[in-house]
Amino acid sequence: MWRLARSLRQGGSSWQLCGAAVVRLTVAAGSPAPNGSPGRWYEWLAQSIPVHWAEDGLVALQAAAGLPWWAAIVCGGALLRSAVTLPLAAHQGRLLAKLENLQPEIKKLAEQLRYEVSVRGRQLGWSEKVARFHFKKNLRRIITELYIRDNCHPFKATLLVWVQIPMWVCVSLALRNCSVGALDSEVQEQFSTGGTLWFTDLTAPDSTWIMPVSLGLLNLLIVEIFASQKLEASRFQKLATNFLRVLSVVMVPVAATVPSSMALYWLSSSFMGLCHNLLLRSPTVRRLCCIPRTKSDSDTPYRDIVAALTTKYSFKK
């Protein structure tokens, strides 16, 4: 569970790529099918209450701020990131710091328990299998007691993912509803002229591929930054990192087939996620957020990131 919590931390907003896959499937499901069931399933999801809330929130934000739709989408994504996911990310950081600081104590108690089980096993004539069973059983109990004592169960560190991905999916579907006129034909008309620069029509895909490619590169940067941490990566974390790398590339053609409003939201959301994650690397910000100091903390985190990426991708011998 501790390894899972650390892997969820790695990449931060990259886990939204999993949500992107869900959105892409729901978008595809919107087309008619022979048996009609995929269309009905998409219709139910697209017309769900959370998606309607997201639609109403977007319309209210645009009307209140008087911004063009492209700016309202960017600001809406930044607002959600700052008001919802940033506090949850800080909470996750506190939990993960506590978990990391517990590891030396857990290791020490495990060594002591192993010795005690070994002595007890020789006295009672336990087989190696029975001794291993008692060791694992008591170690789980000890670790659970430590989690309760410090109020840092690893599952609590996954709260960010369970909130972030559904919220992201709902906003994405809300933007698609606005783009195809499922909400209001007037809103769709505003979307068709509410873009800027090369994507003036937010209802159409970005034919230049500028936003999709930028999204892929940004997500790859997020993955590589968090893969460059000095913490020893487990096998699961390495597999998760490689999976996210592949998904970052796959999301490029996906983002090129959805309305520009969705691609713009995905790009701005990932950018804000990267900024917030880097912000939470700052020693000053971590102290302000009451995140305990750990052995892996650095006084120069940004310099370390640049050095790690430079070393990893340098072609100099």
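The values are calculated or read from the model by the stated rules, or taken from the named source; none is laboratory data. All of these numbers come straight from a predicted model, not from anything done at the bench. Here the Cβ positions follow ideal geometry from the backbone for every residue, glycine too, while neighbour counts run over all protein chains shown. Heads up: the accessible areas ignore ligands, DNA and RNA and are worked out on the full protein's heavy atoms, side chains in. Shrake-Rupley method; radii C 1.70, N 1.55, O 1.52, S 1.80 Å.
In sequence order, what are the phi-derived ³J(HN,Hα) couplings for the stretch 77-89 according to the Karplus relation 6.51 cos²θ - 1.76 cosθ + 1.60 with θ = phi - 60°, rounded to whole Hz, with x for glycine and proline?
Per residue, the Karplus-derived 3J(HN,Hα) values read x, 5, 5, 5, 4, 6, 8, 10, 7, 5, x, 5, 5 Hz.
Seen from all sides and averaged, what is the projected area of the convex hull of the Cα atoms in the stretch 185-290, in nm²?
With every direction weighted equally, the projected area is 9.0 nm².
State, to one decimal in nm, how far the label point of Val306 lies from the label point of Trp198, with both points 7 Å from Cα in the Cβ direction.
Rounded to a tenth, the inter-label distance reads 2.9 nm.
Can you give the FRET efficiency for Glu111 and Ser298, using 1/(1 + (r/R0)^6), R0 = 22 Å, r = Cβ-Cβ distance, to the nearest 0.05?
It comes out at approximately 0.15.
How high is the FRET efficiency between Ile142 and Val119 when r is their beta carbon distance and R₀ equals 25 Å, given to the nearest 0.05?
According to the calculation, E is roughly 0.90.
Step through the residues of the stretch 212-220 one at a time and calculate ³J(HN,Hα) from phi using the Karplus curve (6.51 cos²θ - 1.76 cosθ + 1.60, θ = phi - 60°), rounding each to whole Hz and writing x for Gly and Pro.
Using θ = phi - 60°, the values come out as x, 5, 4, 4, x, 5, 5, 5, 5 Hz.
Take Val285 and Leu61, extend 7 Å from each Cα along the Cα→Cβ direction, and tell me the distance between the two endpoints in nm.
1.9 nm
Along the stretch 272-282, what does the Karplus equation 6.51 cos²θ - 1.76 cosθ + 1.60 (θ = phi - 60°) give for ³J(HN,Hα), rounded to whole Hz, x for Gly and Pro?
Couplings: 5, x, 4, 4, 5, 5, 5, 4, 6, 7, 5 Hz.
In nm, give the distance between the simple-model label positions of Ser48 and Lys129, each being 7 Å from the Cα along the Cα-to-Cβ direction.
Each label point is offset 7 Å from its Cα along the Cβ direction, giving 4.5 nm.
For the stretch 163-198 and the stretch 235-270, what is the centre-to-centre distance using only Cα atoms, to the nearest Å?
The two parts, judged by their Cα centres, are 19 Å apart.
In terms of solvent-accessible area of protein heavy atoms at a 1.4 angstrom probe, what is the ranking of Lys295, Lys107, Lys156, highest value first?
Sorted descending by solvent-accessible area, the residues read Lys295, Lys107, Lys156.
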